[in-house]
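Every read-out reported here was derived from the displayed coordinates using simple, explicitly stated rules and does not represent laboratory data. Since the model is a prediction, treat every value here as computed from it, not as a measurement. Neighbour counts run over all protein chains shown; Cβ positions are idealised from the backbone, glycine included.
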Amino acid sequence: MRSRLLILVLLLAAVSRGVAQSPADGKVTDNSYVNPYFQFSYIWPKFLKPYDTKALNLPQSSPYANEFLLFSARQGDEPFGVVIFAEKLNVRTAHNAGIRDGTDFLDRATRALSPSGHPKILSRTHFKNADELTFEELDYIIDGEYTSGIVIQVGQFLIVFKCNAKSAVDLAEMTKSAVALSLAH
């Protein structure tokens, strides 16, 4: 009887604290996106506004398994902004071997660029931010849009920032906000 009561009390305590159960358990606050599952917060640039992820026109089936859309923000009514998603590592599918790490993810993204969009790779870097978190970044222009893929590994997931902008200045602001990501310890 006591053990059942103890289990019930512990379960209620966990629920009341809001323990994250899924990668997509994030929420938008006044000026940031907070994800308790991955224990990070992201502050987007002021010229972006949160955008309902359900309204995004994304492909219905990803070639990769276990992809979780986390957050998106847009620049007004324009198709520019940032999308954040989590990709589980090492998940094999019928289409491919699992993604091993950030380098593998960006290699695949580079190979998938459509030649009809006349892609031009601007840079590809591997670096640490002020908090010593390791990032990988791919910047390119495709169809006249400045685009960036920024990746950080958190546990068995990659957190991916896909940014696109009408100018290099706007892309730089989005990139700056992505690499300012902080993880709770």
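Most tightly packed first, judged by the mean number of other beta-carbon atoms within 10 Å of their residues, the peptides 103-115, 39-51 read 39-51, 103-115. Computed FRET efficiency, Cβ-Cβ of residue 24 and residue 118, R0 35 Å: what is it to the nearest 0.05? Efficiency, rounded to the nearest 0.05: 0.55. Summarising the amide proton neighbourhood of residue 80: residues at separation of 5 or more, or on other chains, whose placed amide H is nearer than 5 Å comprise 75. Annotation note: GluC sites (Glu not before Pro) in the range 137-184 located in DSSP loop regions with a Cβ neighbour count of at most 11 within 10 Å are absent.
Computed extension gain for residue 53 through residue 126, at 0.36 nm per residue and net of the alpha carbon distance, reaches 23.4 nm.
Short-range pairs are left out: with C-alpha atoms under 8 Å and at least six residues apart, the relative contact order of the range 102-163 is 26 percent. For the range 22-183, the alpha carbon convex hull comes to 118 Å³ per residue, rounded to a whole number. Checking every one of the chymotrypsin sites (Phe, Trp or Tyr not before Pro) in the range 109-185 against DSSP loop status and a limit of 12 other Cβ atoms within 10 Å picks out no site at all.
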